[in-house]
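A.B. asks: Pasting in a structure now, in structure tokens, and then I'll have a few things to ask.
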Amino acid sequence: MGVWAHKGVNQPIEAPSADPAQAQTINQWETEQHAELTKYLRTRFKNTGKTFVLKGWETDWILVYGGGDAPESTLTALVNTLREEGLGGWRDGAAKSIIHITDAPPHDPEVQTGYTAISVTSHAYAPYVEQLPLPASNSLTTAGPQPVPAGALTPSVRIFPIVVGDDPATLESSTFFATRTKGRVFTADTAQEVVEAILDAVTTPPASTFRVHGTVGISGSDMKGANRLTRGPCAGQPFMTATALNSTIDVDFNGTKATWDCTAPEYSFGELPFTPGTKTFTFDPPGPYKCEWYVLYGTRDSESFTANPDGTCSVTVGMSKPGELFVWFLVKPIALYKVTGAVGLFGSDMTGANRFTRGPCPGTPFNTSSAINVTQADLGAARWDCAAPSFYFGDTLGQGVPLGTGTRSFTFTPPPGYRCNWYSAYGTKTSESFSTSGNSCTITLGLSANPGDIFLWYYVQPTSP
């Protein structure tokens, strides 16, 4: 129900009877109210630079022929306003606000359009996951970002609902609209209170905070299910989680780490204090992936992207005014190598007691120690077995692990009483080198974009005869 407030009338708002016989009376009443409100706004805000567009809608017939049920087509009304349909467009540089006067909750979702309160309010901050399409389409429910032509996105808009009456469902939905768009909800029982609420709405200063959130998907995929990544664990969800990959995932802003959820799934920084300038968000993907690209929606003046050799990436955004940012980070699997190796006594036949492993390995002749180890900065500590015996990286023997390209070093810590004195390296590599430090040693390999198998031998000698 659109309610036009008559300045100075301090009495409950009540339209004439909806009896069709009184249609002319109703129309005349609404016209008079509209005219009085227009006159008041023009007088009160003359020469203030504010622009008002007054529009009423009774669109419930779209959903239920003939209307009659309490919920209204609020979502369609908001979509039409956000798209500027029939409004002449937002004034350049204006602080954009929608004052929504209502006495009934919306249909959520709307049956014929499919609009939801979440998808519509998302568009108020320049659409992202559930973005509004161009007018040719009615679908507001998408699983991921979709290409939108330049200029098709509406700038940041705040929604200020004015609730007439005390219906709990209307107050709840209106509070949602206001909270999601950094607006404010007002209540009014009389025409005078409606006018006062409008005055408060149009004088509410813009938010002094900004919100940043986003999600992670595999580049080139449909961004659904296992093609969406989050921290986890996410029991019962199909998403790929960093915990399941024995890895970590992070988005950092000025030393603050984002929080993650399993619902969208997405990361979020919540509300951050706003100051004009550039803001950089650094993404550290889980081990088997590298950051390849990004998609950015929201209030910004400039943007840039940096992909780092270690697989991380950064998005830098220039902002002159507060708003909301939604940042998609797109990842790509890193080339996987199968890395295994063994440790043997230098100059021996490398069998039986001349082979070393972590152990314990009961019933075997191998030399075992709990102190023996091989580590790699990206992969952590190797695992060991008693069969070959050998060490390997990954959860299981023979599993491929992500190493990327460039140089990678593997450091060996021998058991007590031994020192590492030499090595052998076999497999797919472009270069190799060897160094020692105390009793430990390091093999450094150059890796290309063509993954394969790598086998490393570490040779030890007793530290004393």
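The values are calculated or read from the model by the stated rules, or taken from the named source; none is laboratory data. Computed from a predicted structure; not experimentally measured. Positions of Cβ are generated from backbone atoms using ideal geometry, with glycine treated the same way; all protein chains shown enter the neighbour counts.
A.B. asks: Of everything in the stretch 361-390, what is of a type outside the set (S, T, N, Q) and within 40 Å of the chain's Cα centre (by Cα)? Give them in sequence order.
C.D. replies: Listed by number, the residues that qualify are V374, A377, D378, L379, G380, A381, A382, R383, W384.
For every residue, the table says whether it meets (1) modelled with pLDDT of 85 or more; (2) closer than 24 Å to T230 by Cβ; (3) in contact with a strand residue (DSSP E or B) (Cβ under 6 Å, 6 or more places away or on another chain).
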position	(1), (2), (3)
F269	yes, yes, yes
G277	yes, no, no
T282	yes, yes, yes
P285	yes, yes, yes
P288	no, yes, yes
V295	yes, yes, yes
S302	yes, no, yes
T306	yes, yes, yes
T312	yes, yes, yes
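A.B. asks: Taking the condition at pLDDT 95 or above and out of contact with any His (no Cβ under 8 Å at 6 or more places or on another chain), does S433 pass?
C.D. replies: On the way: at pLDDT 95 or above: yes; out of contact with any His (no Cβ under 8 Å at 6 or more places or on another chain): yes.
Yes; evaluated as a whole, the condition is true for this residue.
A.B. asks: Follow-up. I'm trying to understand the selection: among the residues of the stretch 379-415, which are of a type in the set (D, E, K, R) and either surrounded by 18 or more Cβ atoms within 10 Å (Cβ to Cβ) or under 15 Å from K429 (Cα atoms) (or both)?
C.D. replies: So in the stretch 379-415, the residues of a type in the set (D, E, K, R) come out as 383, 385, 395, 408.
Of everything in the stretch 379-415, just one residue is of a type in the set (D, E, K, R) and either surrounded by 18 or more Cβ atoms within 10 Å (Cβ to Cβ) or under 15 Å from K429 (Cα atoms) (or both), namely R408.
A.B. asks: Kindly evaluate T116 against the criterion of being modelled with pLDDT of 80 or more and either under 22 Å from V295 (Cβ atoms) or in the same structural domain as T215 (by TED's automatic domain parsing) (or both).
C.D. replies: Spelling it out, T116 is indeed modelled with pLDDT of 80 or more and either under 22 Å from V295 (Cβ atoms) or in the same structural domain as T215 (by TED's automatic domain parsing) (or both).
A.B. asks: Does the stretch 229-258 hold any residues that are in a strand (DSSP E or B) and either within 17 Å of V212 (Cα to Cα) or at pLDDT 90 or above (or both), and which are they?
C.D. replies: Looking only at the stretch 229-258, we keep the residues that are in a strand (DSSP E or B), and these are 229-230, 240-241, 250-253, 256-257.
Correct list: L229, T230, D250, V251, D252, F253, T256, K257.
A.B. asks: Quick check: anything in the stretch 200-211 within 15 Å of the chain's Cα centre (by Cα) and either under 30 Å from D166 (Cα atoms) or not in a loop (DSSP other than H, G, I, E, B) (or both)? Step through it out loud before you land on a result.
C.D. replies: Taking the stretch 200-211 first, the residues within 15 Å of the chain's Cα centre (by Cα) are 210-211.
From the residues that got through so far, the ones that are either under 30 Å from D166 (Cα atoms) or not in a loop (DSSP other than H, G, I, E, B) (or both) too are 210-211.
Yes: one or more hits.
A.B. asks: While we're here: If you go through the stretch 212-260, how many residues are among the charged types (D, E, K, R) and surrounded by 21 or more Cβ atoms within 10 Å (Cβ to Cβ)? It would help to see each step written out before you state the result.
C.D. replies: Start the filter on the stretch 212-260 by keeping residues that are among the charged types (D, E, K, R), which leaves 222, 224, 228, 231, 250, 252, 257.
Among the residues that remain, those that are also surrounded by 21 or more Cβ atoms within 10 Å (Cβ to Cβ) are: 228, 231.
Total meeting the criteria: 2.
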